[in-house]
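The values are calculated or read from the model by the stated rules, or taken from the named source; none is laboratory data. Since this is a predicted model, take the numbers as computed values, not measurements. Virtual Cβ from ideal backbone geometry, glycine too; neighbours counted across all protein chains shown. Please note that ligands, DNA and RNA were not included when accessible areas were found on the heavy atoms of the full protein model with its side chains. Shrake-Rupley method; radii C 1.70, N 1.55, O 1.52, S 1.80 Å.
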Amino acid sequence: MTLLVTGGAGFIGSNFVLDWLATPETAGEPVVNLDALTYAGNRDNLATLEGDARHVFVHGDITDRALVDRLLAEHRPRAIVHFAAESHVDRSIHGPGAFIRTNVQGTFTLLEAARAHWSTLQGPAREAFRFHHVSTDEVYGSLGPSDPAFTEDHPYQPNSPYSASKAASDHLVRAWHHTYGLPVTATNCSNNYGPWHFPEKLIPLMIVNALAGKPLPVYGDGQQVRDWLYVGDHCSAIRAVLARGRVGETYNVGGWNEKPNMEIVHTVCRLLDELRPDPAGPHARLITHVKDRPGHDRRYAIDARKIERELGWRPAETFDTGIRKTVQWVLDHGDWIARVQSGAYREWVSANYAAR
Ligand code: NAD
Ligand code: DAU
């Protein structure tokens, strides 16, 4: 048995591959990892798997149908776990084209290749085959302060080019199940944080800027709410869905950790004051309110009761334990942080923040 993982050199994908090959129940099942190594993909994340025969890395694009066909024929995976995407909302505002290409066209290509492959399977192999699609709570739109959290039945109301492209991919996955019977499962999850998080997203950006004595750019009033999920908990949720999830079903995955951005930034500052005090003063002095994100969703919150009820999954980390581990991880991986802050990263920072 083998898994084909897409986007396994990115933040969540690399955590998933590392967890999969370290978890006793799954460690014996090899992973073929297809990743285009965009700015967000980094083979350093997988350095501990160098020379490990259970991990086959393939540098390639999910829109390349011939390549995907070849990988399916050669490795005959029992499941595809699809993480590959353009994932940053701000980048989707600056340049939506790549989001349509990878998130929509790429998912379509994978679905078609999976359908062709699945049609050749028989008996237990056909029964066992799964296409697992990793998606986001952002497809559901924005909540008011007292609205109930997103359930799996919440209407789709994507607001950004990123969330619209993910919503389109979700619809394709649903249709390929409904029309062709492809055995799919899906997870829609909230904001992840943890090791290997690229420092363009809120939490790692605030940590690396604070360590460098740079401004901490809070969009608008900073009262937007996100539901934070430690990445290791996301990985265990996907493992649970692969093992026991019902075909055709979506499971919402969240951390039961709704917090406004300002609280997140102050928590990061307090932890850094404790773990790496700055002689110039408390890190919170660096907080700077900047121009808001266009179309900024105000609040996301996940109702994760279905996955708990059906699959017995609950997050293991609280926000206090997860954020402490995350800050400590960044402090321990200064070399990784320095490497990913390349020229292209600096160009992005300038494009996104200079005019704010
Ligand atoms: P990421 O941006 O860190 O990584 C994406 C990975 O996909 C990178 O390794 C990149 O090289 C690869 N990739 C991009 N385009 C590709 C292509 N055309 N072909 C092959 N590989 C390609 O993303 P992430 O934060 O790890 O997110 C992974 C998945 O989880 C995405 O589908 C995202 O929508 C979803 N998600 C993320 C979060 C979050 O908080 N980060 C929350 C909910 C859902
Ligand atoms: O909800 C799940 C989604 O979470 C995923 O689908 C996306 O892939 C992932 O990027 C994330 O999207 P967000 O837009 O919520 O994450 P981000 O870290 O970019 O921003 C989190 C919040 O912090 C959001 O309200 C915007 C704000 N923010 C972000 C940045 C980068 C700031 O205030 N300042 C910043 O510099």
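Find out how many positive minus negative residues lie around W118, taking Lys and Arg as positive, Asp and Glu as negative, among other residues whose Cβ is under 13 Å from that of W118.
Neighbourhood net charge equals +2.
Distance between Cα centroids, region 219-274 to region 284-302: provide it in whole Å.
Their Cα centres are 16 Å away from one another.
Using the Karplus curve 6.51 cos²θ - 1.76 cosθ + 1.60 with θ = phi - 60°, work out ³J(HN,Hα) for each residue of region 54-68 in order, rounded to whole Hz, and write x for Gly and Pro.
These are the phi-based 3J(HN,Hα) values: 7, 10, 10, 8, 10, 7, x, 10, 5, 7, 8, 4, 4, 5, 5 Hz.
Under 26 Å between alpha carbons, and skipping anything fewer than 8 positions from K166 in its own chain: which lysines qualify?
Straight-line reach from K166, under 26 Å: K201, K259, K291, K306.
By accessible area of protein heavy atoms, probe 1.4 Å, what ranking do Y180, Y219, Y156 get, highest first?
Y180, Y156, Y219
At a Förster distance of 56 Å, what's the computed FRET efficiency of D332 paired with D221, Cβ-Cβ distance as r, to 0.05?
Using R0 = 56 Å, I get an efficiency of 0.95.
Whenever you get a sec, line up T63, T120 from highest to lowest accessible area (probe 1.4 Å, protein heavy atoms).
Numbers: T63 40, T120 85 Å².
I get T120, T63, largest accessible area first.
Set Lys and Arg Cβ to +1 and Asp and Glu Cβ to -1, take the dipole of the chain about its Cα centre, and tell me which of S342, I62, V330 lies farthest positive.
The listed residue farthest towards the positive side: I62.
How do the peptides 224-236, 19-31 rank, highest first, by the average count of neighbouring beta carbon atoms within 10 Å per residue?
On the way: 224-236: 22.5, 19-31: 15.1.
The densest-packed peptide leads the list: 224-236, 19-31.
So if each residue of separation counts as 0.36 nm, and I subtract the Cα-Cα distance between T26 and E50, what length gain in nm does that give?
In short, 6.8 nm is gained.
Suppose R0 equals 41 Å; then what is the FRET efficiency for H75 and S342 from their Cβ-Cβ distance, rounded to the nearest 0.05?
Approximately 0.80, to the nearest 0.05.
Could you report region 220-278's accessible area per residue, 1.4 Å probe, as an integer in Å²?
Working: 2070 Å² over 59 residues.
That works out to 35 Å² per residue.
Hey, can you find the accessible area per residue of region 280-338 for me, probe 1.4 Å, expressed in square angstrom? Don't skip to the answer; put the middle values down first.
Details: 2970 Å² over 59 residues.
I get 50 Å² per residue for region 280-338.
Using a cut-off of 15 Å between beta-carbons, work out the net charge of the residues near T185 (Lys and Arg +1, Asp and Glu -1, T185 not included).
That works out to +2.
How large is the accessible surface of E50 in square angstrom, using a 1.4 angstrom probe and rounding to the nearest 10?
Answer for E50: close to 130 Å² accessible.
How much FRET efficiency would the formula 1/(1 + (r/R0)^6) give for S119 and A280, where r is the Cβ-Cβ distance and R0 is 51 Å, rounded to 0.05?
Once rounded, the FRET efficiency stands at 0.20.
Would you mind checking which residues have amide H under 5 Å from V58's amide H? H placed 1.01 Å from N; only 5 or more apart, or other chain.
N33, L34, D35
In degrees from 0 to 90, rounded to the nearest 10, what is the angle of the helix 161-180 Cα long axis to the longest principal axis of the chain?
Compared with the principal axis, the helix lies near 20 degrees.
Could you give the distance between the Cα centres of region 321-347 and region 122-173, to the whole Å?
29 Å
Taking a point 7 angstrom from the Cα of T321 along the C-beta vector, which residues in region 263-299 have backbone N less than 13 Å away?
none
Once you have the Cα-Cα distance between K259 and R101, take 0.36 nm times their residue separation minus that, and quote the gain in nm to one decimal.
Contour length minus the Cα-Cα distance gives 53.6 nm.
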